[in-house]
Amino acid sequence: MIDLIHDYWLYFLVGRYPDGPLGGLALTVLLASLALVLSLPLGLLLGLARISPWCALRWPVACLIQLVRGVPLLLVIFWAYFFLPSLTGHESGQFGTMLAALVAFDAIYLAEIVRAGVQAVPKGQFEAARSLGLGYVSTMRAIILPQALRHMLPSLVNQFVSTIKETSLGYIIGLSEVSFIASQINGLVLTKPVQVYFLLGLTYFILCFSLSRAAFWLERRQARILKAAA
Amino acid sequence: MITFEKVSKYYGSHHALDSISGQVAKGEVLVVCGPSGSGKSTLIRTINRLESIASGRITVAGQDIHAPGLEVNAFRSQIGFVFQQFNLFPHLSVLDNCALAPQRLRGLSRQDAEQRGLDLLDRVGLAHKAKAMPAALSGGQQQRVAIARALAMRPPLMLFDEPTSALDPEMVGEVLQVMRDLAQDGMTMVCVTHEMGFAREVADRVWFMDHGKVLERATPGEFFSRPQHPRARQFLADIRSPWAAAG
């Protein structure tokens, strides 16, 4: 196993970079981070639209959520890869395709998390804000969302961990993320599939586990702040 | 200050408010009481449009509050509302709870809004808790902060929806004290409450409600010593000796 790490660690970490395109773990982390950063605001908007008092906003978003939720991510990726270029007329790279698919898919799931989070805030909070004279937008921004986000944190982490693992589906369209690279290494070495895929599994675990721990720390800190006596 | 004209409201087939008419004068303290489900909370919530009405008219300071084109947020900011469950914003400090709305809606600078908040917290005896978070306060303290928060908008009218019903008995007094001080300062108040001691001492008038109707309107003296309506007599008997009611 030490030999394996010794020989291939750089390839595993960055793929063929700098001679070729960036790949490996670096690409996985980049893809996952970008997907998180982009899907969160989109999911927030979709979620707020889903519960908005205006049905012209609510209905289309509800339909979209039902639709996307009803198909596997793999299919969304295929669509994005094969269907989008024929529609737009120009080839989108594997990275762009994967990112678009992840952002669209995750935003839909995040929208439902946002809805659950907002609806978990007691109705009295909304009434108290409105009876002070705050408008809908101010109420959402200053009163409801800060509380909702706290309710949402565990589910958000769940979704984010899921996103990290979903990047491995890039394998299917030949994106050289870490799973793809690992299978390349396995092909080169041939004799050590157990070790290669064990190391791959460990890598995903470390990524996801550290995110969970960071979120847990954040949750605890928030809880302490809320109880501060002075 | 407030006028009700034949106000009705339904929840499905349930007649929550049944053609209620009446007036509250400026500077007056009205206590609304009645058994649970009588419509008293619904009534007080219609005054700042937390509840819609099916028919009738409510005017506050001469303004028909269901008139089309009414700026409902500006209108609501002129009415303080105190809830049974306090509803402080748990993610904001006590002072921020009080300073948020004046800052956002009255265009006060942060400094001015905080100064106003501190003055009001001082008035309800909680200036020393300004930096605390609501979860660190007792129920009675939270309700006093909620009153200060409502007062921070300098409303000419305050509505109290069972402000002491969620409190442990030993904390009721501190909240009623604040309300009494407000009344003495000439605030127009409508209070839904079961605190008959408060009603007797502070109220100018008492409305007794049941089944969505105001069955009796009287001064506290008349209401407590000579209730006219049989339902009101029963209600007063029940709250005076709960054991008898249970049996």
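Any read-out appearing in this document is the output of simple, stated calculations on the displayed coordinates, not a laboratory observation. No experiment lies behind these values; they were computed from the predicted model shown. Don't worry about glycine lacking a Cβ; one is built from the backbone with ideal geometry, like all the others, and counts go over all protein chains shown.
Spacing of the modelled spin labels on B:R57 and B:A25, each 7 Å from Cα toward Cβ, amounts to 2.2 nm. Determine which lysines satisfy two conditions relative to B:K6: a Cα distance under 23 Å, and not lying fewer than 8 residues away in the same chain. Qualifying lysines at Cα under 23 Å: B:K26, B:K40, B:K213.
With contacts taken as Cα pairs under 8 Å and at least 6 residues apart, chain A reaches a relative contact order of 25 percent.
Quote the FRET efficiency, to the nearest 0.05, computed for A:L45 versus B:E222 with a Förster distance R0 of 56 Å and r equal to the Cβ-Cβ distance. So, using R0 = 56 Å, E works out to roughly 0.45. Per residue of peptide B:77-83, the mean number of Cβ atoms on other chains within 10 Å of the residue Cβ is 3.
Each Lys or Arg adds one and each Asp or Glu subtracts one; over the other residues with Cβ under 13 Å from the Cβ of A:Y171, this totals -1.
Ignoring everything except DSSP H segments at least 4 long, calculate the 222 nm mean residue ellipticity for chain A; use -39,500 (n - 2.57) per segment, divide by total residues, nearest 500. That comes out to -25000 deg cm²/dmol. Run the quick spin-label model on B:S13 and B:D122: label points 7 Å from Cα toward the beta carbon, then report their separation in nm to one decimal. It works out to 5.9 nm between the two label points. Here the Kirkwood formula puts the hydrodynamic radius of chain B at 18.7 Å, using every distinct Cα pair. Going by neighbour counts of Cβ atoms within 10 Å, the residues A:S39, B:S225 line up, fewest first, as B:S225, A:S39.
Put in line by how crowded their Cβ is, counting other Cβ atoms within 10 Å and starting with the fewest, A:E177, B:E201 read B:E201, A:E177.
For every other residue with a beta carbon closer than 14 angstrom to the beta carbon of A:G43, add +1 if it is Lys or Arg and -1 if Asp or Glu, then tell me the sum. Residues near A:G43 contribute +1 overall. This ranking places A:K227, A:K192 by how few other beta-carbon atoms lie within 10 Å of each, fewest first, which gives A:K227, A:K192. The length gained by stretching the chain between B:S36 and B:K131 to full extension, at 0.36 nm per residue less their Cα-Cα distance, is 30.5 nm. A cut-off under 13 angstrom between Cβ atoms defines the neighbours of B:Y11, and their net charge, with Lys, Arg +1 and Asp, Glu -1, is 0.
Using the alpha carbons alone, the radius of gyration of segment A:2-229 stands to its Kirkwood radius in an Rg to Rh ratio of 1.06. Per-residue ellipticity at 222 nm, computed for chain B from helices alone with -39500 (n - 2.57) per DSSP H run of at least four residues, works out to -11500 deg cm²/dmol. For the segment B:70-76, counting C-beta atoms of other chains within 10 Å of every residue's C-beta and taking the mean gives 3. Each part reduced to its alpha carbon centroid, segment B:82-103 and segment A:1-56 end up 40 Å apart. With Cα atoms defining each centre, segment A:156-179 and segment B:20-70 are spaced 57 Å apart in the structure. Listed by chain and number, the lysines placed with their C-alpha closer than 25 angstrom to that of B:K129 are A:K227; residues fewer than eight positions away on the same chain are left out.
For the residues of B:97-106, the average number of beta carbons from a partner chain within 10 Å of their own beta carbon is 3.
Working value for segment B:1-133: equivalent-ellipsoid semi-axes of 32, 17, 14 Å, each the square root of 5 times a Cα gyration tensor eigenvalue, largest first. Legend: helices of chain A (whole DSSP H runs) are marked when their alpha-carbon atoms reach 27 angstrom or more along the helix axis and their mean Kyte-Doolittle hydropathy is at least 1.0; marked are A:24-50, A:94-120. Highest mean first, the peptides B:56-67, B:158-169 sorted by other C-beta atoms within 10 Å per residue fall in the order B:158-169, B:56-67. Measuring spread by the Cα atoms of the protein assembly as shown yields a radius of gyration and Dmax of 30.3, 99 Å.
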